[in-house]
Amino acid sequence: MAITTHVERFLAMGTRIELHLFGAVEEAATFEARRAIEAVDDALTIHRPSPATSLNECLMAGREAAVDDPVLFDALVEIEAARESTLGLFDPAADARIAAGWNSVSFDRDNARIRASRPVGFDFGGFGKGFALDRACEKLRSAGVASALLSAGESSIAVVGAHPLGGGWPFAIPHPLQPGHVLVELELCDEALSISSTVGPGTDAPGRAAMIRPADGTVVTGRRSVVAVEQSGARAEMMSTALLVADDTQARRLLEGRQRRCFLFDFSREAAMAVSPVEMSAT
């Protein structure tokens, strides 16, 4: 049985975006999904003038700012709501240079205003990709799309519904240090996946921001990879970042009840990779 496929590829969020839609799909659904991603890029980018850069300019200058852009406002609400679940380890304001972070920020949701007790700036990074995929998925579901795969640079993935052939969407996450080997295999259904790593292809790319521990502003230097699956792309991105910067105690707390959907691999503890990757997953 032939399955109709619609594919859209474009650049946004500083990476290659792919939308794979299956079944009877209106052309408008593809357009709306793409526009949702581009709208997040326009709002959250810090690489060209945007609502995010305007906000950062105010906060770095010590001024209170109005959050007038609805996409930026929704992103800040999402981040604030996840603070407890990530033990405060996901922090888009963490900065090793000025030792500041979200703890310096006061976000007044009711009046859509934000201020900081010291100069801070936001870098939405991977969170932005997951957040963008979430909003695109919402558009697709609203348009009646029953099966879709969305990818942002292959490290941020979201799926709508089940696989077009039935069942979950199978994924094999490649080992970042051993080409041809698989780190973990899993299936997604109406879920999102985030991969964060300090090793492997792309981690030394020019301009890539270092991973910062919010508590003390230090740069994470350990050889780690994280695979996180959550109901939303934004939450998956925040969890994968939190696990990447967590100490052992924090990692155990974050993984409690999530061992089958979130995986932390610490390669600095395995000189020759003598055990299987799953056995290295923190539990």
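For this structure, a couple of remarks:
- For the pair the range 153-186 / the range 34-56, the C-alpha centres are spaced 28 Å from each other.
- About the centre of its Cα atoms, the chain shows a dipole size close to 460 debye [charges on the beta carbon of Lys, Arg (+1) and Asp, Glu (-1) only; nearest 20 debye].
- In Å², nearest 10: area of R115 left accessible to a 1.4 Å probe: 120 Å²
- Residue-normalised accessible area of the chain, expressed per residue, 1.4 Å probe, Å²: 49 Å²
- Of (1) 68, 44, 35; (2) 61, 51, 35; (3) 56, 47, 37, the label for Cα extents along the principal axes in Å derived from the coordinates: (2)
- Rounded to 0.05, the FRET efficiency of the A61 and R9 pair, given R0 = 30 Å and the Cβ-Cβ distance, is 0.15.
- Of all DSSP bridge pairs formed entirely within the chain, close to 100 percent run antiparallel.
- Of all accessible heavy-atom area on the chain, the percent that carbon and sulfur account for (1.4 Å): 49 percent
- Look at the dipole of the chain built from charges on Cβ: of T249, M239, L264, the Cα furthest out on the positive end belongs to T249.
- Within a Gaussian network of the chain (alpha carbon springs, distance under 10 Å), most fluctuating of N56, N111, N103: N111
- When the Gaussian network model of the chain links Cα atoms closer than 10 Å, the mean-square fluctuations of A158, A236, A29 top out at A29.
- For the chain, calculated [θ]222 nm from helices alone, where every DSSP H run of n ≥ 4 adds -39500 (n - 2.57): -9000 deg cm²/dmol
- Of the listed residues M211, M60, the order by accessible area with a 1.4 Å probe, largest first, is M60, M211.
- Of G161, G128, G257, the one that fluctuates the most in a GNM where the chain has Cα springs shorter than 10 Å: G257
The values are calculated or read from the model by the stated rules, or taken from the named source; none is laboratory data. Being a predicted model, the structure only gives us computed values, none of them experimental. All Cβ positions, glycine included, derive from the backbone under ideal geometry; neighbour counts span all protein chains shown. In case anyone asks, the SASA skips ligands and DNA or RNA and just uses the protein heavy atoms, side chains included. Shrake-Rupley method; radii C 1.70, N 1.55, O 1.52, S 1.80 Å.
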